[in-house]
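*Asks:* Could you have a look at this structure, given as structure tokens, before my questions?
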Amino acid sequence: MIPIKNEREIRIMKEGGRILAAILKKLAAATMPGVTTAELDALANDLCRQNRVKPAFLGFRGYPAALCTSVNNIIVHGIPSNTPLADGDIVGLDMGVLYKGFYTDSAVTVAVGMISQDAKRLLRATQEALDLAIKIAKEGVTLGDLGNTIAGVAVKHKLGVVRELTGHGIGRDLQEEPSVPNYGTPGKGLKLKMGMTIAVEPMFTLGMPDTKLLKDNWSVMIKDSSLGAHFEHTIAIEKNGCRVLTN
């Protein structure tokens, strides 16, 4: 059963999502060479307290931090550490908040100092895929349409599409139905309906898209150690489009 939200519930999610967007913007601005991801996580916790929201990931299935920090070849769920970020790194900042009983979830991949042209291409393309998916999302569009749009951007830029991880529904729970893959066949799969709220999150790689789980049981690494990027927004489906809730 896929939960459908009413307008009041979507407004609450939008309020929480606006707070989350402001927090992520401050975290991205603080991401620079010499800073540790543990320091970014501490800042994330402080910003949650200041804004009276609960960090959604902290304690979720045992996750030990408020912020996922995925550096270079870690595509998602990297645990913050005391290792300083270096010039040329890229780092995915993925975070959710709980506000008035509803969750929102968003992610951005950030350049640390000066990055390579290939890394820039990867970040631009992954952001482009998210933007295009948001542009076509509306009632009646299928998950296959969304996934095909996302994968098409990867093909255009000669990038890998991670298939082992997906987006998801979100609302009263951090992860709800449906799963939202980053690949698909046009016209196939679940049709989106008004009131659905989903997290759309393209994940692209410079090399092959296969992944493996590291020994910490959270960090997901790209098997060939190529760079990976991850961007995400929570959106609400409407009749003639969608509403981005995390901006």
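The values are calculated or read from the model by the stated rules, or taken from the named source; none is laboratory data. Small disclaimer: the values here were computed from a predicted structure and weren't measured. Cβ coordinates were reconstructed from backbone atoms using ideal geometry, including for glycine residues, and neighbour counts include every protein chain displayed. We work out accessible area using only protein heavy atoms, side chains counted, and drop any ligands, DNA or RNA first. Shrake-Rupley method; radii C 1.70, N 1.55, O 1.52, S 1.80 Å.
*Asks:* Take Gly113 and tell me if it is within 30 Å of Arg49 (Cβ to Cβ) and open to solvent by 10 Å² or more (accessible area, probe 1.4 Å). Even if it seems obvious, please write down each step before you answer.
*Replies:* Working: within 30 Å of Arg49 (Cβ to Cβ): yes; open to solvent by 10 Å² or more (accessible area, probe 1.4 Å): yes.
Yes; evaluated as a whole, the condition is true for this residue.
*Asks:* Identify all residues within region 91-119 that are more than 21 Å from Ala42 (Cβ to Cβ) and of a type in the set (A, V, I, L, M, F, W, C); write none if there are none.
*Replies:* Within region 91-119, Phe102, Ala111, Met114, Ile115, Ala119 qualify.
*Asks:* Kindly indicate whether Gly78 is assigned to a loop (DSSP other than H, G, I, E, B) and either touching a residue at least 24 places away in the same chain (Cβ under 8 Å) or open to solvent by less than 30 Å² (accessible area, probe 1.4 Å) (or both). Reasoning before the result, please.
*Replies:* Numbers: assigned to a loop (DSSP other than H, G, I, E, B): yes; either touching a residue at least 24 places away in the same chain (Cβ under 8 Å) or open to solvent by less than 30 Å² (accessible area, probe 1.4 Å) (or both): yes.
Here the answer is yes, as Gly78 does meet what is asked.
*Asks:* Where the second residue is among the hydrophobic types (A, V, I, L, M, F, W, C) and assigned to a helix (DSSP H, G or I) and the first is in contact (Cβ under 8 Å) with a residue 40 or more places away in the chain and over 19 Å from Met208 (Cβ atoms) and lies in region 116-134, which pairs have Cβ atoms under 7 Å and are six or more apart or on separate chains?
*Replies:* So the pair list comes out as Ala133/Leu146; Ala133/Ile150.
*Asks:* Here is a further query. If a residue must be open to solvent by less than 50 Å² (accessible area, probe 1.4 Å) and either part of a helix (DSSP H, G or I) or touching a Pro at 6+ places or on another chain (Cβ under 6 Å) (or both), how many such residues does region 23-33 contain?
*Replies:* Our first condition is that a residue be open to solvent by less than 50 Å² (accessible area, probe 1.4 Å); within region 23-33, this holds for 23-24, 27-28, 30-31.
Applying the additional criterion that residues be either part of a helix (DSSP H, G or I) or touching a Pro at 6+ places or on another chain (Cβ under 6 Å) (or both) yields 23-24, 27-28, 30.
Residues in region 23-33 being open to solvent by less than 50 Å² (accessible area, probe 1.4 Å) and either part of a helix (DSSP H, G or I) or touching a Pro at 6+ places or on another chain (Cβ under 6 Å) (or both): 5 in total.
*Asks:* Cβ-Cβ below 8 Å, separation at least six or inter-chain, first residue in region 103-115 and under 15 Å from Gly171 (Cβ atoms), second among the basic types (Lys, Arg) and open to solvent by 20 Å² or more (accessible area, probe 1.4 Å): which pairs?
*Replies:* Pairs that qualify, where the first residue is under 15 Å from Gly171 (Cβ atoms) and the partner is among the basic types (Lys, Arg) and open to solvent by 20 Å² or more (accessible area, probe 1.4 Å), are Tyr103/Arg172.
*Asks:* Return the residues of region 204-230 that are touching an Asp or Glu at 6+ places or on another chain (Cβ under 9 Å) and not hydroxyl-bearing (Ser, Thr, Tyr); say none if nothing qualifies.
*Replies:* Correct list: Leu206, Gly207, Met208, Pro209, Asp210, Val220, Ile222, Lys223, Asp224, Leu227, His230.
*Asks:* Same structure, new question: Filter region 48-72 for residues that are farther than 18 Å from Asp105 by Cα and either crowded, with 20+ Cβ neighbours inside 10 Å or among the aliphatic types (A, V, I, L, M) (or both) and give the result.
*Replies:* Restricting attention to region 48-72, the residues satisfying the condition of being farther than 18 Å from Asp105 by Cα are 50, 71-72.
Listed by number, the residues that qualify are Val71, Asn72.
*Asks:* Output the residues belonging to region 81-102 that are closer than 22 Å to Ile19 by Cα and either part of a loop (DSSP other than H, G, I, E, B) or modelled with pLDDT under 95 (or both).
*Replies:* Narrowing region 81-102 to residues closer than 22 Å to Ile19 by Cα: 91-102.
Matches in region 81-102: Lys100, Gly101.
*Asks:* Could you please give the count of residues in region 179-206 that are surrounded by fewer than 24 Cβ atoms within 10 Å (Cβ to Cβ) and out of contact with any helix residue (DSSP H, G or I) (no Cβ under 9 Å at 6 or more places or on another chain)?
*Replies:* Residues that pass the stated criteria total 2.
*Asks:* Could we say that Leu93 is aliphatic (A, V, I, L, M) and closer than 22 Å to Lys223 by Cα here?
*Replies:* Working: aliphatic (A, V, I, L, M): yes; closer than 22 Å to Lys223 by Cα: yes.
The answer is yes for Leu93.
*Asks:* Right, here's the next one. Mind listing whichever residues of region 145-178 are assigned to a loop (DSSP other than H, G, I, E, B), open to solvent by 30 Å² or more (accessible area, probe 1.4 Å) and among the aliphatic types (A, V, I, L, M)?
*Replies:* Within region 145-178, Leu165 is the sole residue that qualifies.
*Asks:* Which one of the conditions (1) modelled with pLDDT of 95 or more; (2) open to solvent by 20 Å² or more (accessible area, probe 1.4 Å); (3) within 30 Å of Lys191 (Cβ to Cβ); (4) not small (Gly, Ala, Ser) does Asn45 fail to meet, given that it meets all the rest?
*Replies:* (3)
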